[in-house]
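Working notes for the structure below.
The values are calculated or read from the model by the stated rules, or taken from the named source; none is laboratory data. Computed from a prediction, not measured in an experiment: that's the story for all the values here. Cβ placement follows ideal geometry from the backbone for every residue including glycine, while neighbour counts extend to all protein chains displayed. Note: areas computed on protein heavy atoms with side chains; ligands, DNA, RNA excluded. Shrake-Rupley method; radii C 1.70, N 1.55, O 1.52, S 1.80 Å.
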Amino acid sequence: MWNFTYVIPSFMTLLVLLAYYCALPRIPIRMNRTFIKILVMETIVMFSDIVSSGMDSAYTEYPLVLVNIANIVYFVSFYSRGYLFYSFTATMVKVFDNNNAWIKQLTKIPLYISCLMAFTSGYTRWIFYIGEDGYHNGPFYNILYFCFYYYIFVSLTIFVLRFKRLRNNRERLSILSYNIILLAGIIVRMMFPRYLLMDTFCLLAIIIIYLSFENPDFYLDDRNGIFNGNALREYLDENKGLDNYTLMAFALRNYKEIREVYGINQMNHGCDMIARFLIGNFDKYLCFNYRSGRFFIIGDRKMDYDMIYEKLEDRFSRSWVDDSAELYLSAAYVVTEPEVSSIDSDTIINGVIETLDKASSVESSDIFYVTRNLLSERKKEIEVKRNLEYAIEHDQVEVFLQPIISSSTGKIVGAEALARLRNKNGKLIPPDEFIKVAESNGRINDLGKQVFAKTCKFIKEHDLAGNGISWVNVNLSPIQFMNPNLAECYSEVVKELNIDPAQIHIEITEAAMVDDVQLKEQIERMSEHGFKFVLDDYGSGYSNLAMLKKCPFICIKLDMSLVWDYCKAPDEILPTMIQAFKHMNFEVTSEGIEDENMAKLMEDIGCEYLQGFYYSEPVSMSVFASRYLENIV
Ligand code: C2E
Ligand code: MG
Ligand code: MG
């Protein structure tokens, strides 16, 4: 009656896969839990398929209740299997996030109804019944197809809706293919119900999942069976925000140097020995080898990390010996503070590594703590980096202008261009946060060029001179200043727009003055192209009058701190300094003027120009134009 040709080899293959998968360590994440449920459920389905089909064929030889039970088990496991395949897709596309638990419950309803009908079928005969002449499908037998089609449909729908949540095309292709294979399986079953072929299709789907997502090699160090960095990242990502773990890490001190001393081969042996020690001694915890002599240990919130620390320190006090290696190693330790789990895995791992480096650089082997503050800062930096990258690529760096006032007339005579970024909510990010980042990741040249070009365009499109504004200051970072093509690059922009370069004053800070030969050369090259220079933030660093003499600045901007100190307690130092600047033919600007009194004091000691919130904060170009410029060209 039933044909077992396909189901028996499929069942044996499945048993091998199940045994192999269970024998290997797995990180406790939802994806793995769902997969193991699929394997177990498939085993039950195949087994009960074979048993119930056999019993149905020879129904007279078994008690009726047993035949009923075998069929109920088959139907219930069949329905559950459809749900579990869908559940795997949902896990991969991250539908079952914590705040989406209701979706999980909602999509279970067809499963519950079908199971209830199967359970009661012995009485109701809805799904199946064993009559006088043997097994029969009940009037609602087709709910089996409905249930399976339903879960494939939902699975494909969430796959399409959350396509982007998947990491790469390989993952996308795998999910699509196992769902299509399941669909083919259920169609074949409808066409040839006697062949027990569906299980073979399900086995194929399982193999695709195994090869694409569950292959233990993705998550295990091939040499010693400890979890690797991928596993660590998966675990941290899944437990984000749950605050249910303690993370401890240690790093081998001077890893690079000792690797050179012992050689790579011996070092690898050393790391393998450490990995085996961790697996052998801390089997309650998850242990990871995160390359370059760094190991992570994760336990629950109550993990006794002092005990682990003592055990490790004790072990590191002795050498690591096996047949092919003998190493003397020492380690530095860190533990994460509670509540860091709300931060993404990359930031946590980077923060741990940064703290490990700090711990390695000191003699003592005390435990260092990875603080929430450090991680929040790093997280913020990453966000700033992202915003910076986006703004530079999409020409969205904004330029604000702050007026500069003549102290004698009280009228606006110039402005300073100041860069601004916006985050994705439209909130302004101040330059103190992104200039440093741009300087460290090499984007400062592109950022500076955008600010410069936008300022030039503004000058071109507005009649500044007609409104009494003679120049606009543009800031230049010391790193930009080292760029040998700077003069050509900036003068090209000016030429293209056909504006007078003398309208642009370039502000550099004392930090650019460290190498005076290079400074002179760059200033000369740019002066040849017609640009003028202003020294910014004078008094905030190591000011050097001799150096000033060598450079053709037209103006010195006193740093706010100098101005504020003087206004709080006037003395003779600043007035004398200003007199010296005047002898050297520099004009002087005071930054940070916040009230009338400060303006008066600075005017009295000879500052030509004043800039500060008393007059105006930096404003967008359009606000600046509407406030200070009457005739638009
Ligand atoms: P800076 O060049 O010294 O610019 C003056 C800073 O002082 C501006 O801060 C301005 O908003 C602020 N300021 C002006 N008046 C007052 C005041 O009365 N009180 C107070 N408390 N602050 C005042 P901002 O715009 O945040 O810029 C900070 C720094 O970022 C700038 O200092 C400059 O060094 C740098 N920066 C801004 N834009 C650029 C740029 O396009 N390129 C480069 N390389 N650096 C830039
Ligand atoms: Mg400035
Ligand atoms: Mg300044």
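Determine, yes or no, whether N254 is of a type outside the set (A, V, I, L, M), over 29 Å from N239 (Cβ atoms) and surrounded by fewer than 18 Cβ atoms within 10 Å (Cβ to Cβ). If you could, list the steps in order and put the result at the bottom.
Working: of a type outside the set (A, V, I, L, M): yes; over 29 Å from N239 (Cβ atoms): yes; surrounded by fewer than 18 Cβ atoms within 10 Å (Cβ to Cβ): yes.
Yes; evaluated as a whole, the condition is true for this residue.
Is it the case that S477 is within 16 Å of ligand 1 (Cβ to nearest atom), out of contact with any helix residue (DSSP H, G or I) (no Cβ under 8 Å at 6 or more places or on another chain), more than 21 Å from P403 (Cβ to Cβ) and assigned by TED's automatic domain parsing to the domain that holds K411? Outline the logic, then answer.
Numbers: within 16 Å of ligand 1 (Cβ to nearest atom): yes; out of contact with any helix residue (DSSP H, G or I) (no Cβ under 8 Å at 6 or more places or on another chain): no; more than 21 Å from P403 (Cβ to Cβ): yes; assigned by TED's automatic domain parsing to the domain that holds K411: yes.
Judged against the criteria, S477 is not a match.
Run S361 past the list (1) out of contact with any Lys or Arg (no Cβ under 7 Å at 6 or more places or on another chain); (2) more than 24 Å from E313 (Cβ to Cβ) and report the number of the one that doesn't hold.
With respect to (1) out of contact with any Lys or Arg (no Cβ under 7 Å at 6 or more places or on another chain); (2) more than 24 Å from E313 (Cβ to Cβ), S361 is out only on (2).
How about segment 555-594: which of its residues are farther than 30 Å from Q503 by Cβ and within 15 Å of ligand 1 (Cβ to nearest atom)?
Across segment 555-594, the qualifying residues are W564, D565, Y566, C567, K568.
So if I check each of S345, S319, S324, which one is over 32 Å from the mean Cα position of the chain (by Cα), at pLDDT 90 or above and outside the structural domain of E587 (by TED's automatic domain parsing)?
Of the residues listed, the single one that is over 32 Å from the mean Cα position of the chain (by Cα), at pLDDT 90 or above and outside the structural domain of E587 (by TED's automatic domain parsing) is S319.
Only residues in segment 328-349 that are without any contact (Cβ under 8 Å) to a residue 24 or more places away in the chain count as the first member; pair them with residues that are surrounded by 22 or more Cβ atoms within 10 Å (Cβ to Cβ), Cβ under 9 angstrom, at least 6 apart or cross-chain, and list the lot.
So the pair list comes out empty.
Take the residues in segment 189-226 that are among the hydrophobic types (A, V, I, L, M, F, W, C), more than 36 Å from the chain's Cα centre (by Cα) and open to solvent by 30 Å² or more (accessible area, probe 1.4 Å); name whichever of them is modelled with the lowest pLDDT. Steps first, please.
We begin by selecting, within segment 189-226, every residue among the hydrophobic types (A, V, I, L, M, F, W, C); these are 190-192, 196-198, 201-209, 211, 213, 218, 220, 226.
Add one more test, that the residue is more than 36 Å from the chain's Cα centre (by Cα), and what stays is 190-192, 196-198, 201.
Add one more test, that the residue is open to solvent by 30 Å² or more (accessible area, probe 1.4 Å), and what stays is 190-192, 197, 201.
Numbers: M190: 93, M191: 92, F192: 90, L197: 87, F201: 96.
The selected residue is L197.
Quick one: count up the residues across segment 33-68 that are open to solvent by less than 40 Å² (accessible area, probe 1.4 Å), farther than 19 Å from D199 by Cα and out of contact with any strand residue (DSSP E or B) (no Cβ under 8 Å at 6 or more places or on another chain).
1
Only one of (1) of a type in the set (A, V, I, L, M, F, W, C); (2) over 21 Å from I435 (Cα atoms); (3) in contact with a strand residue (DSSP E or B) (Cβ under 7 Å, 6 or more places away or on another chain); (4) buried (at least 21 other Cβ atoms within 10 Å of the Cβ) fails for A502. Which number is that?
The number of the failed condition is (4).
What are the pairs, 6+ residues apart or on separate chains, where a residue within segment 417-436 that is within 6 Å of ligand 1 (Cβ to nearest atom) has its Cβ under 6 Å from a residue that is open to solvent by less than 30 Å² (accessible area, probe 1.4 Å) and not in a helix (DSSP H, G or I)?
Pairs found: L418/F400; L418/P618; A419/V397; P431/A419.
What tally of residues in segment 445-486 results from selecting those that are in a helix (DSSP H, G or I), away from ligand 2 (no atom under 16 Å from the Cβ), modelled with pLDDT under 95 and crowded, with 21+ Cβ neighbours inside 10 Å?
1
Counting only residues that are touching a strand residue (DSSP E or B) at 6+ places or on another chain (Cβ under 6 Å) and open to solvent by less than 10 Å² (accessible area, probe 1.4 Å), give me the strands (runs of 3 or more DSSP E) lying completely in segment 343-422 with at least 3 of them. Steps first, please.
On the way: elements: 367-370, 398-406, 412-422.
Result: 398-406, 412-422.
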